1. Can you list the residues of segment A:106-128 with backbone N under 14 Å from a point 7 Å past the Cα of A:Ser141, pointing along Cα to Cβ?
2. On average, how many beta carbons from a partner chain sit within 10 Å of the beta carbon of a residue in A:104-113?
3. What ranking do A:140-148, B:43-51 get when scored by the average of other Cβ atoms within 10 Å per residue, highest first?
4. Over 18 Å, how big is the tail of the calculated P(r) for segment A:101-216, in percent of all Cα pairs?
5. First measure r as the distance between the Cβ atoms of B:Asn123 and B:Ala21, then evaluate 1/(1 + (r/R0)^6) with R0 = 60 Å and state the FRET efficiency to the nearest 0.05.
6. Need the C-alpha centroid separation for segment A:101-138 versus segment B:182-201, integer Å.
7. Enter the mean number of other protein chain beta carbons within 10 Å of the beta carbon of each residue in A:87-94, as an integer.
8. Based on alpha-carbon centroids, what's the gap between segment A:203-225 and segment B:223-241 in Å, whole number please?
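The values are calculated or read from the model by the stated rules, or taken from the named source; none is laboratory data. The structure displayed is predicted, hence computed values, not measured ones. Cβ placement follows ideal geometry from the backbone for every residue including glycine, while neighbour counts extend to all protein chains displayed. Surface areas here come from the heavy atoms of the whole protein model, side chains and all, with no ligands, DNA or RNA. Shrake-Rupley method; radii C 1.70, N 1.55, O 1.52, S 1.80 Å.
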Amino acid sequence: MSIEVINITKRFGHFTAIDNVSLKIPDGELVALLGPSGSGKTTLLRIIAGLEEFEPGHDADILFHGQSVVGNRVAERRVGFVFQHYALFRHQSVFENIAFGLRVRRGKNRVSRAAIRERVTELIHLIQLDGLEKRYPDQLSGGQRQRVALARALAIEPKFLLLDEPFGALDARVRQNLRRWLRRLHDEIKLTSLFVTHDQEEALELADRVIVMNQGRIEQEGTPVDVFHHPKNAFVMDFLGNVNLFHGRVVAGQIVFDSAHATREGEEVPLFVRPHEIELSADNPDDTGFPATIRRVQLAGAFAKIELVDGSGKEIYVEMSHEKFRRRPFDVEDSVFVVPTQSVVFHEDYVI
Amino acid sequence: MKWKFKQHSVLPGFGMTLGVALTYLGLIVLLPLSLLVWNTSSLSWSEFLKVVCSAQIVASYKLTFGASFLAAVVNAVFGFIAAWTLTRYRFPGKKLLDAIVDMPFAMPTAVSGIALTTIYAPNGWIGYWFAKAGMKIAYTPIGVFIALTFIGLPFVVRTLQPSLDDLDKEIEEAAESLGATKWQTFWRVILPSVLPALATGFTLAFARALGEYGSVVFISGNLPMKTEITALLIYTKLEQFDYAGATAISVVMLGASFVLMLIINMTQWYARKGKK
């Protein structure tokens, strides 16, 4: 089922957390809501779940599968919500936690004991915690708790899955494993899912589509490839990875790099360059580079990371493959020329 | 698990603190209590039984334990509501209300006793209306029950407050998102989470009521076989210089209270252990 959010605004006192946001999440997709803290992403997720009210407006609406759910209580919306800190019931075992949503059903929706046992056992198998059903949340690791929270949400056969910073409280390794596991799970059950994250790597790696939020507004939405390679503005480019900001000037219709002082003729233009889109060379053949000094070389990791300073003291970050680095190694204190190979210009003011 | 007597800790002083704790407890609590038992031993076994099983005294046990238990139950219910209101909501005068909860702690019990009697006596503010309806409160077991409720309330509220404060709002939201009604959320999630604190509050209120004297003697009217509490009978025996009789009743009270407290604490201990 699809989710549609139309013209939603939310204010906390004088602070506008969500500023007239509209978005659509197609059926069966895994979508990331990405943004820095305070960008309104969690509030938006909570509004969709019905845990938070929004400002009433004649055109504001939330549709599940084309039907308005405004005025429906959380319990009626049948969304699986996974909380950032899991919110497991500490006095209940893993089994009871997962069974909770089935046990509370009354009247004609009542689920028999046998059916509950069957469903919960199936879910425990799905989250790979077989044999741990009698444990209490205090006896589980962070990753295990997270999976229990997920199974508990799935037990009610929700229409959607909403996850608030699902990996936020886990350490890096567990996070990576759980991320891949969640992606495989999604491919298996195809449940429309929306997750909130402030980690761009997580969003790009996991999601079918990414919605980038900032200050209560949507900056850009699209596939991970789209938002990474064609950022709409400086914020998105900066948020999706490190960037270097250079000043350039326009000379005869062409942008020429200028290391620090752009007070000469022509229009001054801010240029954004990703660390891996910079070449370093000993000489300056086409006169397209500018001089800088290497301050630090960091070789541990997937890339060689080089930190430089130009004449004005501005820091420049460069990434290159180890192979390339081996072909032409650099050392600290070397003087080199920095040659951006690709850059992006945004016609707006943005300060990194 | 193997029993380790000495646990390693960054802070030194397990031996010293245990020593101080034991000495302190011994001097303040155990020494007077053992003297009580010592004094009773001047009675022969049959004399002892004759004192502690006399009809008047048995009636007082029933009233004391019955009224204390009922008062603690009522306090558990209304104390929960009061603690909930004080932790969950913001309203004008909240600080004042919070302070009022402690009043029964701070007031001399005789003062509360006289105040309660004045209000609930047949010519008092509230007692008048009940008297009109043909119901007597002061000088009946109901009066005893009211006095014991009064002095027990802060115990429940104060033990529950931190526990309710710690309760994550997300837990309730999670229950609701899973389809639970407000009522189910309360019974299945909130209550079990704060049950240990509630049990502690109940136990404290109950224990306090068992030993209460000052606030009860005025409102009860002290009618033999009807509204005499055990503490009063002990006092009466002392006034008659029947020290052995007084201590005999005390020993029975002490034993019964100790066993009750032990049972309540053990149930809690087992309930918690089951989850570890």
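1. Of the residues in segment A:106-128, A:128 have backbone N under 14 Å from the label point off A:Ser141.
2. Numbers: counts 12, 4, 3, 0, 0, 1, 0, 0, 0, 0.
Taking all residues of A:104-113 together, the mean is 2.
3. A:140-148, B:43-51
4. Across segment A:101-216, Cα pairs with separations above 18 Å total 56 percent.
5. According to the calculation, E is roughly 0.70.
6. Spelled out, the Cα-based centre of one part sits 22 Å from the other.
7. For peptide A:87-94, the averaged partner shielding equals 6.
8. 79 Å
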